[in-house]
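To start, the structure itself, in structure tokens.
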Amino acid sequence: MVLEDTAGQLLDAAQKLVQERGFNAFSYRDLADSVGIRTASIHYHFKTKADLGQGLMERYQARIDKKNASSKSKLKAFIALYKQTESIGAICLCGSMASDWATLEPGIQKSVAAYLNLSEDWVTRQIKLGVKSGEYSIRGKAADSAAGLMASLQGALILSRTRPESSVISKVQSSFLGTLEAA
């Protein structure tokens, strides 16, 4: 359906703008120009910018899990989302929105925090599942490894902007996966 396509195009363009500029640094006019529609048309899909922010967070959450894959391959796929972001010189959608935290509406703050918590919990579950299935073992707590991975990925995206000649995310991946010892 054309309306769903327009909403998807708006979310794609908004994500790009957020990752390049920050959530507060673009307007519906910028978004309309990016997609090639009138500003009023955006309001049909997202009445407010807060609704747009909610839509971005919901879509981002839906991208995490892939079925029928090993724990380690799911973790690699999760890290690949960050590699993709790094490859376009952007930062994480949540990281960008979190940098505008004090000026975000409470609903968007809640969505950003929920997504980051969901992501960290998902990584924790994947680590625990990998240990339980005998795929690998770890030293320490799964939750601590997950928190470390999330912080490393977020920080790596910021550092990668200053080091475009090499992938900082690849170094994080190598380091993290190296902590998953063969069982």
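The values are calculated or read from the model by the stated rules, or taken from the named source; none is laboratory data. Because the structure is predicted, anything quoted here is derived from the model rather than measured. Glycine gets a Cβ as well: all are built from the backbone with ideal geometry, and neighbour counts include every protein chain shown. Please note that ligands, DNA and RNA were not included when accessible areas were found on the heavy atoms of the full protein model with its side chains. Shrake-Rupley method; radii C 1.70, N 1.55, O 1.52, S 1.80 Å.
Which value in deg cm²/dmol, rounded to the nearest 500, describes the helix-derived mean residue ellipticity at 222 nm for the chain, given -39,500 (n - 2.57) per DSSP H run of n ≥ 4 and division by the residue count?
-23500 deg cm²/dmol
On a 1.4 Å probe surface of the protein chains, which of D12, D100 comes out largest in accessible area, and what is the full order?
The most accessible residue leads, giving D12, D100.
In nm, what is the difference between 0.36 nm times the number of residues separating D33 and A69 and their Cα-Cα distance?
9.0 nm
So, counting K/R as plus one and D/E as minus one, what does the shell of residues with Cβ under 15 Å around P106 add up to?
It works out to a net charge of -1.
Around Y136, which amide H atoms from residues at least 5 apart in sequence, or from another chain, sit under 5 Å from its own amide H, with H modelled in the peptide plane?
HN-HN under 5 Å from Y136: V131, A183.
Rounded to the nearest 20 Debye, what is the dipole magnitude of segment 31-156 about its Cα centre when Lys and Arg each give +1 and Asp and Glu each give -1 at the C-beta?
Dipole of segment 31-156, to the nearest 20 debye: 540 debye.
Mind giving me the FRET efficiency for K171 and L81? R0 is 22 Å, r the Cβ-Cβ distance, nearest 0.05 is fine.
Using R0 = 22 Å, I get an efficiency of 0.85.
Given K16/K74; K74/K128; K72/K110; K83/K171, which pairs have Cα atoms separated by over 19 Å?
K16/K74; K72/K110
Heavy-atom accessible area of T48 with all protein chains present, probe 1.4 Å, nearest 10 Å²?
Near enough 60 Å² of accessible area.
Farthest toward the dipole's positive end in the chain, which of L159, I37, A90, given Cβ charges of +1 (Lys, Arg) and -1 (Asp, Glu) about the Cα centre?
Sorting the options by dipole projection puts first L159.
Would you give the gap between the C-alpha center of segment 118-157 and the C-alpha center of segment 77-108, rounded to a whole Å?
Taking the Cα centre of segment 77-108 as reference, the centre of segment 118-157 is 19 Å away.
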